[in-house]
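Worksheet for the structure shown next.
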Amino acid sequence: TAVQPAAQQPGAAPAEGSGKLAQIKAAGKIVVGTSADYPPYESIDADGNFVGFDMDLIRAIGERLGVEVEIQDMPFDSLIAALQEGKLDAVIAAMQATAEREEKVDFTIPYRMTKDAFAAAQNSTLVMEKPEDAAGHSIGVQTGTVQERWVQENLVATGLTPADKVFSYERADQAALDVANGRIELLLMDAEPAMELAKQTGLKILLITESTAEGGKSIAIPKGASDLKAELDRIIQEMLEDGTIQRIQEANGLP
Amino acid sequence: MEAFVQLLNNVLPSLLQGVGVTLQIAAVSLLLGMAIGLPVGVGRVYGPRWLQRALAAYITLFQGTPLLIQLFLVYYGLPDLGLTLGRMEAAFLTLGLNSGAYQAEYLRGALQSVGEGQMTAARAIGMSKWLAVRSIILPQALRLVLPAWSNEAIAMLKYTAVVFLIAVPDLMGQAKILSSRYFAPIPIYMIVAVFYIVLVGATYLLLRQLERKLHIPGLTGETH
Amino acid sequence: MSTATAPILRIENIHKSFGETRVLTGISLTVQPQEVVVLVGPSGSGKSTLLRCINLLSPPDSGRIWLEEQEITAPGVNPDKVRQRIGMVFQDFNLFNHLTALGNVMIGLTKVRKMSKKEAHDLAMFELERVGLVDRAHHYPAQLSGGQKQRVAIARALGMDPHMMLFDEPTSALDPELTGEVLEVMQQLAREGMTMIVVSHEMGFARQVASRVVFMEGGVVVEEGTPTQMFEQPVHERTRVFLRKIADMDSGGR
Amino acid sequence: MSTATAPILRIENIHKSFGETRVLTGISLTVQPQEVVVLVGPSGSGKSTLLRCINLLSPPDSGRIWLEEQEITAPGVNPDKVRQRIGMVFQDFNLFNHLTALGNVMIGLTKVRKMSKKEAHDLAMFELERVGLVDRAHHYPAQLSGGQKQRVAIARALGMDPHMMLFDEPTSALDPELTGEVLEVMQQLAREGMTMIVVSHEMGFARQVASRVVFMEGGVVVEEGTPTQMFEQPVHERTRVFLRKIADMDSGGR
Amino acid sequence: MDFVQNLVTTFNFILQGVWVTIGVTLVALSVGLVFGVAMAMARVYGNSFLQAVAAVYSVIVRAVPVVVIIFILFFVIARFVNLSPFWAGSLALGFASGAYQSEIFRGAFQAVPPGQMIAARAIGMSKLQAIQSIILPQAVRLALPAWGNEATLVLKDSTLVFVVGVPEILRRAQQVSARTLEPFMAFSVAMLLYLILTLVTTQVLQWFERRYRLQM
Ligand SMILES: Nc1ncnc2c1ncn2[C@@H]1O[C@H](COP(=O)(O)OP(=O)(O)OP(=O)(O)O)[C@@H](O)[C@H]1O
Ligand SMILES: Nc1ncnc2c1ncn2[C@@H]1O[C@H](COP(=O)(O)OP(=O)(O)OP(=O)(O)O)[C@@H](O)[C@H]1O
Ligand SMILES: [Mg+2]
Ligand SMILES: [Mg+2]
């Protein structure tokens, strides 16, 4: 998929973002980064195609922009940097706008509000009523996610969980496997992918919560690309209103 | 500049913890590799034919495939067969098995370069084959293998950097976490590179001291 | 050649091949205690092979060997034990490179004869004294001259308290100036009554020390006798020609 | 020595040092077209250095050199072009190991003289013919004898169509049996009128072929003259002693 | 039956990564070759400044894990040009390999007898010409055994570009394992494919070595 070099520069230095939209239109193509390990948001099917809610959404957005969509798969924690370095025009990866991220990149309005889930092995005796009940238990998160940040700030920094009981994974499915294998007790991630992974690996969901999630999923774009942001915000708003997003969500099994 | 100092302050404690983990993994794996490589190397040269073949297969398998795949197979694959190792144990085992294959080959070369005459002379004063291997051949081979072994130690130090992929918080793993926390991959990886350079340099100097110390006139080269 | 005492070594009709190469084709030889047998013969005649058969480094294919009335070619005999009774010295010394002169002599004492470190040390120093190398005890092989190396090799063999000694061209890898010191040690050994089989083309040594000279060719013993018989009136033409040739080499060339 | 024609080479008072070592300390020498100058002198006297100065492989520190009336030590002269006019043959052949005999001769033709493959091939074969090695054209250096290697080296130099040739002990690395074939090629060259400076202690060659013999010592020319003068009535005692010594070596040893 | 079906699907999916792996390896080896030869030349024939640059490159790059170099270069390269992960990863791997190759070629250059250079200069070649048509062809042959070894190392290290998202064998294996949740099968297949690749590579290189052996 990504073997060929981009035929055209998707973007020059992020500073001159004012012309970003024009550049994309001129190139006839938007290069979008994702981390395809997060069904039902994004994953790769048996034929090697990018599938999932985010993927369908960005293609629909591309259609309304009138450009082709080129998707590049990379580790979640490289996405922001890649966007910053101008390697990508946008990132769609079930990503949430956090204060730290917003220092580096800009975000569109949310296209979907979400919750997080704590998952554990089927035979786990753990009972959770609130996120802080995870205190003291070994827990896996994906590197660079809001969930990782939440655990660090609310469990580790407060001394509730020792630092060596927190494991940052390259990919969410690896963390899920380790819960299933009994190497760690808990997994904290977005609710829907958690349920999807739980189904596949035989985990059980202990708690679904809004308090660890900090808002909704947004598309990240280079800092200062105001024209692109305006256009994407407009399209997202339009899709929220005309039911397009609802339709795509349902098609991908999302409530 | 000030921003960099600030960043350095923020990341240093975690990176130092990572150094500890890296050194631990390198040391344990190297020793495990030695424990494997020693008998395998000897078996390759002095064992019965069937054993030589079996050991050659082990060596081909581990030298012929990437370490990273070996690591994933051990960590993520073995649970399918009912063997679930902790992340550190998986790192030790994979790196140990991998290093064992290389160390065995180095030792084989050294054993073969000791020379037929030493064995004959040992047998001639009534030593059994095993006693001769133990007290005459191996002591020489182990000294001859030292330079290659030093290289392996340094290679090992560098190869530990893949264990972050099974969520081990080694130096590289810390770098990964920190760079997504501070969104500053280039300076952080640069700092990490400097850490590795220091570790590798120190190891190199240390092992050269060891080589000097174990030097025997005429048997091992002067210095290099 | 007295036959009154029991022979220390009796070899009966041994054969030895390496793959297709038939090296020994029926050798018989008897050695009495305290005899010094000098073995001569052209290159490839099987001299080294014969010595290696005697101490079972490469056991004969057929035929039998008795050492001090015990048949060492019989099944069940531990060759390691046999070799402790037979000292062997090689052309190229084969000192253990990682050990000092002293260490070379000691290692057999501690590992094979199971002596304590102390005992082994004292005996090893005694043996080094015998070959005149006490002052080189702490030198590594690479720091010794060829002649000194060979004397250490002799001391190492003597340390095992052998009942007889085999020498395979002990001086042929040495410069002429260094040959003397090794032959002297061997002469001394002979005077002390050590039984010896020596492959050597040092004719001076053979004349002075040998009780018997054995001429081998093509894997068999062609002729044997006292040095005087062999050098002055050999029965076979081949013997005469061969001994003449090496005598010439000895005086002339080198 | 005719002075009517312009000299092909004129060397004026050149000096050359390597670090502290002063190797050439004021050499002057003039060579006429078609002359064969044989350079002799003890080891370390600077003969090789002089040759390497002449073709600018190591340019002199001071002094001047004219080749065919052009000052080649002048600034701005391209040494690569100079070297194309001066062939050089070394003691240890220095054939290009990765090329066949033919390839060795061709490479200069294609890369330096920019000939086409075809032209280069034909000329190279012609040069190999000249040194009698057409049948070895497709052999690699490792497959040639020393004498053959040296003849290929000569063919390689000739291929560049040099106006003069320098030979640095062309036969001293050769077995005596192989020396002849190389000297013969050189003799042939001399007959064809090639100007040559030859460092060599082959006195037979010097007597027969040299128009002049130059004796160097300690970085200066001590004496020069026709072979007859130099061998029979040298002015300097040093010359006499030196030439006597090599003449002795020539007839005696080897 | 289910198992066989699974195995075939898994195999086919991962197999597509083989071409990417081969591509990464070839690009990295070529880039490393260019860097390695250039740096070795600087080391042996360059002035003292070039020598120092080449030495620092070699020592530093060889002291840092390849995966760290890949990360650094991935981000540094991205700052200046926009390359796909494939190219960025391959270039980074090649940059690392260049340091190892520079040592190989340095040894090979030094093993070419000095007389070869002098002889080349003596027939009027410039220094550059001499290096090009006399020294280099010999050095390359001398370097072949060590270079072959490096080639298999690069082939194996090509798994490391997976960390920047190149869909080579390992990444594909991981994608399968994420979908099928049968990591053992996925990684075993990947391992087998690599074993075949390295064995074939070794054979080919040995053939080359025999074919182009240089007698000196
Ligand atoms: N291990 C072996 N394998 C195969 N052939 C052997 C072996 N050892 C000896 N031979 C062959 O046996 C023949 C006799 O060898 P041996 O060394 O006994 O002769 P030698 O009389 O000692 O000769 P030399 O005077 O050259 O030492 C030779 O042809 C040799 O090649
Ligand atoms: N590149 C160099 N660097 C340092 N010293 C050199 C160099 N080349 C030659 N010399 C020194 O210059 C002196 C003269 O050397 P040169 O090779 O010219 O002598 P030569 O007359 O050819 O001797 P020979 O007959 O041994 O070849 C020697 O002392 C030599 O060591
Ligand atoms: Mg012999
Ligand atoms: Mg010279």
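The values are calculated or read from the model by the stated rules, or taken from the named source; none is laboratory data. Since the structure is predicted, the reported quantities are computational estimates derived from the model, not experimental observations. Cβ placement follows ideal geometry from the backbone for every residue including glycine, while neighbour counts extend to all protein chains displayed.
Here are a few things to note about the model shown:
- Residue in region C:33-44 that is within 17 Å of B:Ala121 (Cβ to Cβ) and either within 14 Å of chain B (Cβ to nearest Cβ) or of a type in the set (A, V, I, L, M) (or both) present: no
- Checked against (1) more than 14 Å from chain A (Cβ to nearest Cβ); (2) within 30 Å of E:Ala42 (Cα to Cα); (3) surrounded by 24 or more Cβ atoms within 10 Å (Cβ to Cβ), E:Ala190 passes all but condition (2).
- One residue stands out among those in region D:155-187 that are over 17 Å from E:Ile123 (Cα atoms), touching a residue at least 40 places away in the same chain (Cβ under 8 Å) and more than 14 Å from the chain's Cα centre (by Cα): the one that is nearest to ligand 1 (Cβ to nearest atom), which is D:Pro176.
- Single match in B:Ile216, B:Ile197, B:Ile186 (criterion: within 22 Å of the chain's Cα centre (by Cα) and facing another protein chain (nearest Cβ under 8 Å)): B:Ile197
- Some residue of region E:141-153 being away from chain A (no Cβ under 14 Å), of a type in the set (Ser, Thr, Tyr) and either within 30 Å of D:Asn94 (Cβ to Cβ) or in a helix (DSSP H, G or I) (or both): yes
- Answer residue from region A:229-255, given it is within 20 Å of the chain's Cα centre (by Cα) and more than 18 Å from A:Tyr41 (Cα to Cα) and is surrounded by the most Cβ atoms within 10 Å (Cβ to Cβ) among those: A:Leu232
- Which numbered condition D:Leu51 misses (of (1) under 27 Å from E:Leu128 (Cβ atoms); (2) touching a helix residue (DSSP H, G or I) at 6+ places or on another chain (Cβ under 8 Å)): (2)
- Subset of region B:79-118 [touching a residue at least 12 places away in the same chain (Cβ under 8 Å), part of a helix (DSSP H, G or I) and within 9 Å of another protein chain (Cβ to nearest Cβ)]: B:Arg87, B:Gln118
- Any chance D:Arg83 is within 16 Å of ligand 4 (Cβ to nearest atom), closer than 30 Å to E:Ala143 by Cβ and charged (D, E, K, R): no
- Within region B:71-102, the only residue that satisfies the criterion of being among the acidic types (Asp, Glu) and closer than 12 Å to B:Val163 by Cα is B:Glu89.
- Considering the conditions (1) in contact with a strand residue (DSSP E or B) (Cβ under 6 Å, 6 or more places away or on another chain); (2) more than 16 Å from ligand 4 (Cβ to nearest atom), D:Val38 is excluded by exactly one of them, (2).
One line per residue, one yes/no per condition, for (1) at pLDDT 95 or above; (2) within 16 Å of C:Leu183 (Cα to Cα):
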residue: C:Glu119; (1), (2): yes, no
residue: C:Met125; (1), (2): yes, no
residue: C:Pro141; (1), (2): no, no
residue: C:Leu144; (1), (2): no, no
residue: C:Gly147; (1), (2): no, yes
residue: C:Ala153; (1), (2): yes, yes
residue: C:Arg156; (1), (2): yes, no
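- Filter result (within 8 Å of another protein chain (Cβ to nearest Cβ), outside any loop (DSSP other than H, G, I, E, B) and among the polar types (S, T, N, Q)) within region E:117-134: E:Gln129, E:Ser133
- Scanning region C:136-159 for residues that are closer than 21 Å to C:Ser172 by Cβ, assigned to a loop (DSSP other than H, G, I, E, B) and either of a type outside the set (Gly, Ala, Ser) or facing another protein chain (nearest Cβ under 9 Å) (or both) returns a single hit, C:Leu144.
- Residues satisfying the stated conditions in region E:60-98, i.e. facing chain B (nearest Cβ under 9 Å) and either free of Cβ contacts under 8 Å to residues at least 40 places away in the same chain or among the charged types (D, E, K, R) (or both): E:Ile60, E:Arg62, E:Ala63, E:Val64, E:Pro65, E:Val68, E:Ile69, E:Ile72, E:Phe75, E:Val76, E:Arg79
- Extreme residue, farthest from the other protein chains (Cβ to nearest Cβ), among residues of region C:81-112 that are over 16 Å from C:Gln148 (Cα atoms), among the charged types (D, E, K, R) and touching a residue at least 12 places away in the same chain (Cβ under 8 Å): C:Arg85
- None of D:Leu174, D:Leu123, D:Leu133 is out of contact with any strand residue (DSSP E or B) (no Cβ under 7 Å at 6 or more places or on another chain) and within 14 Å of chain E (Cβ to nearest Cβ) except D:Leu123.
- Residue list for region B:167-209, filter: touching a residue at least 60 places away in the same chain (Cβ under 8 Å), closer than 24 Å to A:Asp178 by Cα and in a helix (DSSP H, G or I): B:Leu171, B:Met172, B:Gly173, B:Gln174, B:Ala175, B:Ile177, B:Leu178
- Candidates C:Asp92, C:Asp135 - the one that is within 16 Å of ligand 3 (Cβ to nearest atom), charged (D, E, K, R) and within 27 Å of B:Gly218 (Cβ to Cβ): C:Asp92
- Residues in region D:209-236 that are part of a helix (DSSP H, G or I) and at pLDDT 90 or above: 5 in all.
- For region D:21-32, the set of residues classified as within 15 Å of ligand 4 (Cβ to nearest atom) and either within 14 Å of another protein chain (Cβ to nearest Cβ) or hydrophobic (A, V, I, L, M, F, W, C) (or both) consists of D:Val23, D:Leu24, D:Ile27, listed by residue number.
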